[in-house]
1. Hey, does region 11-24 have a residue that's of a type in the set (Ser, Thr, Tyr), modelled with pLDDT of 95 or more and under 10 Å from the mean Cα position of the chain (by Cα)?
2. Within region 50-76, track down each residue that is modelled with pLDDT under 95 and among the basic types (Lys, Arg).
3. Six or more apart or on different chains, Cβ atoms under 6 Å: show the pairs whose first residue is in region 76-90 and β-branched (Val, Ile, Thr) and whose second is open to solvent by 40 Å² or more (accessible area, probe 1.4 Å).
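The values are calculated or read from the model by the stated rules, or taken from the named source; none is laboratory data. Predicted model, so just to flag it, every value in this text is computed and none were measured. A quick note on method: Cβ atoms are made from the backbone with ideal geometry, for glycine too, and the neighbour counts reach across all protein chains shown. Side chains included, ligands, DNA and RNA excluded: accessible areas come from the protein's heavy atoms. Shrake-Rupley method; radii C 1.70, N 1.55, O 1.52, S 1.80 Å.
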Amino acid sequence: MGELLFPKPRHKKKRRSHPKSILQNKEEGTCYLCILLEQNYSRRQIREEHHIFYSKCQRRLSEQYGLKVYLCLRHHREGNEAVHNNRKIRRLLEAKGQQAFEALYGRERFLEIFGEDYLWDCESERKEPGGEQRKT
């Protein structure tokens, strides 16, 4: 009969380090979009971590480079201004994320890693004098 090892040796999983956000200090307890859109700096009891670039394999890259913010429920998943429900708000956060990344690593590196210029896309939606949006 084969030899059994009791107790079985335990192998611990290697834990990935989770870098801090390069856009916001988690300990402040604020919602990034409440500040950006409403100048509301009040602390929120419930906030959720949002990875700015979350499609395809970009969520992992957002985590790796600290491209994440903390949002209240209204700005994350619920409501008209929720980043997952509003393309304009999503593009605004993507532009802010790109600006923060470029300040640390440069534009060429951003384009090499993420493959898209979110600043151009955000700037391309401009309002006409009558309040209508037009593509340039």
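1. At the first step, the residues of region 11-24 found to be of a type in the set (Ser, Thr, Tyr) are 17, 21.
From what's left, modelled with pLDDT of 95 or more: 21.
Among the residues that remain, those that are also under 10 Å from the mean Cα position of the chain (by Cα) are: 21.
The answer is yes; a qualifying residue exists.
2. Selection gives Lys56, Arg59, Arg60.
3. Taking only residues 6 or more apart or on different chains, the pairs are Val83/Arg90; Ile89/Glu81.
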